[in-house]
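Notes follow once the structure below has been shown.
The values are calculated or read from the model by the stated rules, or taken from the named source; none is laboratory data. Note that this is a predicted model, so its numbers are computed, not measured. Don't worry about glycine lacking a Cβ; one is built from the backbone with ideal geometry, like all the others, and counts go over all protein chains shown.
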């Protein structure tokens with residue numbers, strides 16, 4: 001989920017940003033000429049489809065969780081490296097790249113969360129709430145890019161890369177330990193449900209806090225501008 005518009009300042013302060021940046025730079029320098037940013041974008045989207053299909057197929061066999069993990073790695077590789085490669089080769093197409101990258105990201109998020117929701121591990125209702133939270137936060141990113149000229153990739157130390165890693169670790173956890181269900185006053189919920197619920201709380205908390213913060217700052221800035 002990378003911004004290719006060089007008119008914007010890219011901000012990534014996620015937990016893995018330093019390691020990720022050096023890794024992507026290493027790959028970009030070694031990509032053969034036939035590998036283009038568009039091909040990497042397509043490759044990443046194919047990884048997204050693999051994720052969604054694999055989660056659905058876990059209804060037949062939990063081993064498909066490993067195929068979902070492979071899809072998450074493929075998605076990270078294509079989605080994160082396409083913009084890095086374009087910048088490295090100085091072949092950026094800012095408006096086209098930004099448009100294609102983020103429209104595909106939105107579709108990809110739907111595919112992944114629907115796939116997880118149709119798996120035996122996550123309640124479909126919880127998956128849809130998580131999808132809403134993720135799309136809301138993405139919407140916030142695009143709005144703040146417009147008003148601040150700053151494309152913020154991470155919030156609270158988390159970027160899409162860390163979210164992918166959380167999903168991979170959750171897949172490994174439930175594969176080896178099982179998806180134990182716990183009875184609560186609100187119903188029967190699984191370990192995977194609780195992991196995603198925690199992510200939902202984080203997503204909505206970040207969204208509400210940043211909405212309040214930006215609104216407060218904008219009011220102050222515009223009042224100061226009128227007084228000049």
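Scanning segment 87-127 for residues that are surrounded by fewer than 17 Cβ atoms within 10 Å (Cβ to Cβ) and under 19 Å from residue 206 (Cβ atoms) turns up just one, 106.
Across segment 178-207, what is the total count of residues that are part of a helix (DSSP H, G or I) and exposed (fewer than 12 other Cβ atoms within 10 Å of the Cβ)?
2
The set of residues in segment 39-65 that are over 19 Å from the mean Cα position of the chain (by Cα) and assigned to a helix (DSSP H, G or I) comprises 39, 56, 57, 64. In segment 106-114 there is at least one residue that is in a helix (DSSP H, G or I) and more than 25 Å from residue 37 (Cα to Cα). Within segment 139-152, the only residue that satisfies the criterion of being in contact (Cβ under 8 Å) with a residue 60 or more places away in the chain, surrounded by 17 or more Cβ atoms within 10 Å (Cβ to Cβ) and out of contact with any helix residue (DSSP H, G or I) (no Cβ under 8 Å at 6 or more places or on another chain) is 145. Just one residue in the set 64, 43, 77 is buried (at least 17 other Cβ atoms within 10 Å of the Cβ), within 20 Å of residue 192 (Cβ to Cβ) and modelled with pLDDT of 95 or more; that residue is 64.
Can you name the condition, by its number, that residue 168 falls short on among (1) at pLDDT below 85; (2) within 23 Å of residue 23 (Cα to Cα)? Every condition holds for residue 168 apart from (1). Is at least one residue of segment 128-138 touching a strand residue (DSSP E or B) at 6+ places or on another chain (Cβ under 9 Å) and either over 20 Å from residue 75 (Cβ atoms) or without any contact (Cβ under 8 Å) to a residue 24 or more places away in the chain (or both)? No; the residues of segment 128-138 include none that is touching a strand residue (DSSP E or B) at 6+ places or on another chain (Cβ under 9 Å) and either over 20 Å from residue 75 (Cβ atoms) or without any contact (Cβ under 8 Å) to a residue 24 or more places away in the chain (or both).
Reported count of residues in segment 126-156, each being more than 13 Å from the chain's Cα centre (by Cα) and either part of a loop (DSSP other than H, G, I, E, B) or closer than 14 Å to residue 195 by Cα (or both), is 5.
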